[in-house]
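What follows is a single structure, written as C-alpha cells, with notes after it.
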Amino acid sequence: MKKIYLHPLPVRVWHWINAFSFLLLIVTGLQIRYRDVIKMTSFKTAVDIHNIFGFVLFFNFFIWLIYYLVSGKFNIYIPEFSLRSLIEGSIRQARYYGYGIFVGEENPHHSTPDNKFNPMQQMAYLNIMALFIPMQIATGLLMWDVKGFSQWIGLAGGIKIVDSVHVLLFLFFTSFLFVHIYLATLGHTAFAHIKAMFIGYEEEPEHGHSH
Amino acid sequence: MFRFYGGQVVKKGTYWNLSSGESIELEREKILPGNRQVRYLKVPTTGIFILGPISGLLFICLLPLMSLLLGITLLTRIATASDALKSDEAAMCMGCHSAQGVVKTFKNKEKVSVYIEESHFKNTVHGFLTCTSCHSTVSMDNHPSAQYASKKEFAIQISKACKTCHSDEQVLAKPIHKQAITRANAPPCSDCHGSHSISKVSGGKAEASNSQYCLTCHKKDLNLSMKGETLSLTIDETILRKSVHGNHNCSDCHVSFSKKSHPVKTFGSKRELSISVAGVCKGCHPEKYKQYQGSIHSNMLMQGNLNAPVCTDCHGAHSVGPKALAETISGVPCRKCHEATFEAYKASVHGQAKINGKNGAPICSSCHSAHEMRPALASRSPRATCMGCHRNASELHKEWLPNSDIHLEAVACTACHVPDAERRVYLRVTDSASGENISKARVKQFLGANYESLTLAKANGIEDQQLWDMYRKLGDSGTKASLTGTLGLNDCNQSHSLAPKGKALKQCDRCHDADSKFFKAVSMAIITPDGHEERYNVNPAVLSSMFTILPLNQFYALGSTRIKILDIIGIMMVVGGMSVPIVHLTLRILTSPIREARRLNKLRKEGRR
C-alpha cells in the first residue's frame, strides 16, 4: 500500500464545514418550504438556523477559493482544453462506472495531488464550485434581505425567479449528495475515500488491484 | 300803553271795557272795576269819532276777503271735527287696551295679551289708521266677544283684513309671497309682518342686521313642501348663534338672498337642495373643498349617487360645530353612515384609548383624513397610515421579524393586528415606475378586449393563464406595470377591530405553511373612477402556479405560495439521485460472481505461469 497526500488540511476543514452546513441547510430548507409536511422546528427557528449556516457556507466558500487561488492548485478543477481528450476521458470514465466496475476492471483514473479528479468529476465540481454554489449563495443572500436587495431581485426577474433558482439548486444539491456519498464509497475499500477526507492520505494498493 | 286790566289803578280818562263794550268815564285817578281778566282800552272819545268812519270803510272794503277767510276756517273746523271723532274712537279703545295684563283666552286655552303700546303703533306704517280699520267687527257701539279656536285661527281671520287695502296683485308681486301664500297651510300675514308693530319688510328694517331680518320669518314655524317631502325652514337661533358661524350673516352662505332679494328656488328634493347649498362652503374654505373633490365621497356624488355626503352632511347646516367636536366619540359625523364600522372601531384598541381619554388616540379622520377621504387607505398603504403615528414600528418589527421591511410592505398591518379576521390576498395592477395603483380606465385601455375576458371570470375565479395573458398584454402596450400582492383582510370593516399589541399574530407558521388559511381567498382589485375598488375573484391556485412567476413576481410567501411544479421536479431529482446508488449497488452485488470468476481466472493464470 502506498499513501498519497491527497487532501491538505485547509481542504479537509473546508470540506467538513461545507458538509455540515449543507446538511443543516437542506434540513432547515425542507422545514421552511414544506412546513405542511415536516414539523421539526418552528418556521422562525428554521429560518434563523438557515440564515446562520447560509453565512457559514458563504464564508467557507472563500476558504476554498483563497486556498486554491493561493496554492495554485486550481487547475485540478479545470478539464483538459482538448475537447477530444475530454470526451475520450469522460467516455472511458463512464464506461468504467457503467461496465468496467462490474466486471472487475481497474479505475482508469488514479488520483494524485496534481490530478485529483477524473474528467467527469472535473466537469461536475467546476460547475458546482464556480457556478452552482455561488448562485445558491447569491440567491440566498437576496432572499435574506429582500428589501435591501430589491434592485437586484428586480434585475433577476422578481422574487419568484430568485426563489425558484434557489429551490432548483437545493434540489440538485440534495440529489447530488446521494451520488456524492455513494461514489465516496467506491475506493479500494468502502471507507478509503472517506477516511482520506479526514486524515488527508489516500491509501492505494501497490499494483492497483481492483475489487 | 293803552291796555289795562280790572283792579288796576289808572289816571283820569275814558276806558273801554273790551269784554262788554261799555265805556267808563273817570274824573280822577281811580281803580278800574272787575278782576284781572277784564281788559280795558283807554281811548279818548274824540278818537272814537274819527276812527269810527275809517273802520267802517275798511270793513266794507275787506268784507269779501273776510268771508273767504271765514269759509276756509269753517271747512277746517269740519275736518277737525272728524279727527276728533277718530281720536275719540282710539281713546275709547285705548281706554281698555292700554292696560297691561289684560289677556284674551282662546278656546284651546291659549292666551294672548291685548295690550297695545299706542306710541309704537302711531310710528308704524299703519299709524294713520284707526283700530276698526282692521278690527272691522268692532266699533264704538259694538264690541262682540268673538270666539276663536286658537291664536293661529285668530291671526288668520284678522289677517284677512289686510286684503282690504293690499290687493292680491300687489301682494303676489313679491316672489316670497307667491311661495308662501299660494300653498295650503300658508302662514297668515301677521306671522311675518307682525300685527301692531307693522313696518315695511323690505327697507322698513334697514337698521336690522341681515340675520335678524331673515329670522323675522325664519324663526317661525315655516315649511316648504316639495314633491311629497317637507323641508323645515325654521332656524333655531340659539343653535345658529352657538355654531362656529354664529357671527355670520345669513346671506354670507345663502348668497342669492338678502334684505332686498328673495328669489324663488325650486328643487326636486330636499337632498338636491342640500347638495346645491353645500357648494357655497368653498367660498370660504377653498382648500377643504379641493381636498373633498379628490375624495371617494365626492367621486360617488359625481357618479350620480345623491346619498354621497356633502359638507353639510358631516358638519351640519346651521349648527356647524368646531373641528374638535368632530373628533370626539359622540360628535364624529362618520358614524351616521358607517355605524357598523364605527362600532368595530369603538371596541378596538384605538376606540378604547379614545374613550378612556388617551391623548392623541386616533379617530376616523386620523387614518382616513377628513376631506380627502380615500377608500381602503389602510390596506394599500400601511406605512403611510399606521406608521404616521407608529413611527418606530419598523424598528420594533426588525427586532424579531426577518425581512421586516418587505413584510410591512406586502402585509397590511391589520392582517396581523386583527388576529381573528379572515384574510384575503389582493392583487392590484401597479405602475412599476411610480408604485401607484392603476385605475380601471387605464387597465381597460391597456388590455383592450382582454379586459372583458379577464373580468368575465370563470367559476373558480380568474385563472393563472388569464393573468399571464394580461401580463403579456401589459408588456406589449409598453406599460411598466405589474401585479402587486398584499395580504389584507377579507372584510374592510374588520380593519377597524385592531387588537391590543399583545394579541397580534406573531407566529410565522400561521402564514408560512401551505395549509395556511390566509392564502385561500384571492381577489384582483381594480380602482373604479369613484375611488372604490372592484374586486374580481381569483383562483387561489394562481399563487402557486408557474404561469404567475412573472405576473406575480412581487408576491411570494415562503412555504405557503410555493410553486407546485418545482415540488414535482424536486421529487424526480431526489428520487433520481437516490436511485443511482441503489441501482449501482444492486448491479454490483448481482455482478459480483463475474468479478469473482475473473479474479480466480486471473489467479489461475498467474499460478500456471
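Step by step: first the residues of segment B:116-131, then only those that are open to solvent by 60 Å² or more (accessible area, probe 1.4 Å) and in contact (Cβ under 8 Å) with a residue 12 or more places away in the chain, then the one that is nearest to residue B:93 (Cα to Cα). Which residue is that?
Ranking the candidates gives B:118 first.
Among the listed residues A:138, A:46, which satisfies the condition of being aliphatic (A, V, I, L, M), within 14 Å of chain B (Cβ to nearest Cβ) and either exposed (fewer than 14 other Cβ atoms within 10 Å of the Cβ) or part of a helix (DSSP H, G or I) (or both)?
Residue meeting the stated conditions: A:46.
Rundown of residues vs (1) of a type in the set (D, E, K, R); (2) on the phi > 0 side of the Ramachandran plot; (3) outside any helix (DSSP H, G or I), yes/no style:
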site	(1), (2), (3)
B:221	yes, no, yes
B:230	no, no, yes
B:272	yes, no, no
B:297	no, no, no
B:307	no, no, yes
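Any idea which residue in segment B:18-51 is surrounded by the most Cβ atoms within 10 Å (Cβ to Cβ), counting only those that are among the hydrophobic types (A, V, I, L, M, F, W, C) and not in a helix (DSSP H, G or I)?
Here the answer is B:32.
Looking at segment B:1-17, which of its residues are part of a strand (DSSP E or B) and open to solvent by 50 Å² or more (accessible area, probe 1.4 Å)?
B:3, B:5, B:9, B:16
Taking the criterion of being at pLDDT below 85, aliphatic (A, V, I, L, M) and within 21 Å of the chain's Cα centre (by Cα), would at least one residue in segment A:56-74 satisfy it?
Checked against the condition, which is being at pLDDT below 85, aliphatic (A, V, I, L, M) and within 21 Å of the chain's Cα centre (by Cα), segment A:56-74 yields no hits at all.
Tell me, yes or no, whether segment A:55-75 has at least one residue that is within 16 Å of residue A:24 (Cα to Cα), within 14 Å of chain B (Cβ to nearest Cβ) and assigned to a helix (DSSP H, G or I).
Yes, segment A:55-75 has at least one match.
Only one of these conditions is not met by residue A:81: (1) open to solvent by 70 Å² or more (accessible area, probe 1.4 Å); (2) in a helix (DSSP H, G or I). Which number is it?
With (1) open to solvent by 70 Å² or more (accessible area, probe 1.4 Å); (2) in a helix (DSSP H, G or I) applied to residue A:81, the lone miss is (2).
With the requirement that a residue be facing another protein chain (nearest Cβ under 7 Å), in a helix (DSSP H, G or I) and among the small types (Gly, Ala, Ser), what does segment A:141-173 give you?
A:164
Here's a check for you: in segment B:529-543, which residue that is open to solvent by 20 Å² or more (accessible area, probe 1.4 Å) and either in contact with a strand residue (DSSP E or B) (Cβ under 8 Å, 6 or more places away or on another chain) or among the hydroxyl-bearing types (Ser, Thr, Tyr) (or both) is farthest from residue A:159 (Cα to Cα)?
The qualifying residue farthest from residue A:159 (Cα to Cα) is B:529.
What are the residue pairs meeting all of these: first residue in segment A:174-185, first residue more than 8 Å from chain B (Cβ to nearest Cβ), second residue crowded, with 18+ Cβ neighbours inside 10 Å, Cβ atoms under 6 Å, and 6 or more apart or on different chains?
A:184/A:193
Can you pull out every residue in segment B:521-557 that is among the hydroxyl-bearing types (Ser, Thr, Tyr) and closer than 22 Å to residue A:161 by Cα?
The answer is B:544, B:545, B:548, B:556.
Is there any pair linking a residue in segment A:94-113 that is over 17 Å from residue A:189 (Cβ atoms) to one that is part of a helix (DSSP H, G or I) and open to solvent by 30 Å² or more (accessible area, probe 1.4 Å), with Cβ under 7 Å and at least six apart or on different chains, and which?
Note: pairs meeting the criteria are A:94/A:120; A:102/B:587; A:102/B:588; A:102/B:594; A:103/B:594; A:103/B:595; A:103/B:598; A:108/A:92.
Take segment B:343-367 and flag every residue that is of a type in the set (S, T, N, Q) and farther than 17 Å from residue B:325 by Cβ.
B:348, B:352, B:356, B:359
Go through B:221, B:236, B:252 for me and flag whichever is open to solvent by 60 Å² or more (accessible area, probe 1.4 Å) and touching a residue at least 60 places away in the same chain (Cβ under 8 Å).
B:236
Filter segment B:401-454 down to the residues that are open to solvent by 60 Å² or more (accessible area, probe 1.4 Å), among the hydrophobic types (A, V, I, L, M, F, W, C) and more than 21 Å from residue A:149 (Cβ to Cβ) and list them by number.
Correct list: B:441, B:449.
Restricting the search to segment B:92-119, which residues are of a type in the set (A, V, I, L, M, F, W, C) and closer than 17 Å to residue B:153 by Cβ?
Scanning segment B:92-119 gives B:103, B:106, B:112, B:114.
Run residue B:559 past the list (1) touching a His at 6+ places or on another chain (Cβ under 7 Å); (2) within 22 Å of residue B:463 (Cβ to Cβ); (3) among the small types (Gly, Ala, Ser) and report the number of the one that doesn't hold.
Residue B:559 satisfies all of (1) touching a His at 6+ places or on another chain (Cβ under 7 Å); (2) within 22 Å of residue B:463 (Cβ to Cβ); (3) among the small types (Gly, Ala, Ser) except (2).
Restricting attention to segment B:340-353, does a residue exist that is open to solvent by 80 Å² or more (accessible area, probe 1.4 Å) and at pLDDT below 90?
No, segment B:340-353 contains no residue that is open to solvent by 80 Å² or more (accessible area, probe 1.4 Å) and at pLDDT below 90.
Answer yes or no as to whether residue A:37 is touching a Ser or Thr at 6+ places or on another chain (Cβ under 9 Å) and either of a type outside the set (S, T, N, Q) or in a helix (DSSP H, G or I) (or both).
no
One line per residue, one yes/no per condition, for (1) among the acidic types (Asp, Glu); (2) within 19 Å of residue A:35 (Cβ to Cβ):
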residue	(1), (2)
B:534	yes, no
B:544	no, yes
B:558	no, yes
B:583	no, no
B:596	yes, no
B:601	no, no
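Filter segment B:393-412 for residues that are within 16 Å of residue B:487 (Cα to Cα), away from every other protein chain (no Cβ under 11 Å) and touching a helix residue (DSSP H, G or I) at 6+ places or on another chain (Cβ under 7 Å) and give the result.
Result: B:412, single match.
With the condition being within 14 Å of another protein chain (Cβ to nearest Cβ), I'd like the strands (runs of 3 or more DSSP E) fully within segment B:459-572 carrying at least 2 qualifying residues.
Where strands (runs of 3 or more DSSP E) fall fully within segment B:459-572 and carry at least 2 residues being within 14 Å of another protein chain (Cβ to nearest Cβ), they are B:481-489.
The values are calculated or read from the model by the stated rules, or taken from the named source; none is laboratory data. Every value quoted in this text rests on a predicted model; they were computed, and no experiment measured them. Here the Cβ is made from the backbone with ideal geometry for all residues, glycine too, and neighbour counts use every protein chain on show. Heavy atoms of the whole protein, side chains included, go into the accessibility calculation; ligands, DNA and RNA do not. Shrake-Rupley method; radii C 1.70, N 1.55, O 1.52, S 1.80 Å.
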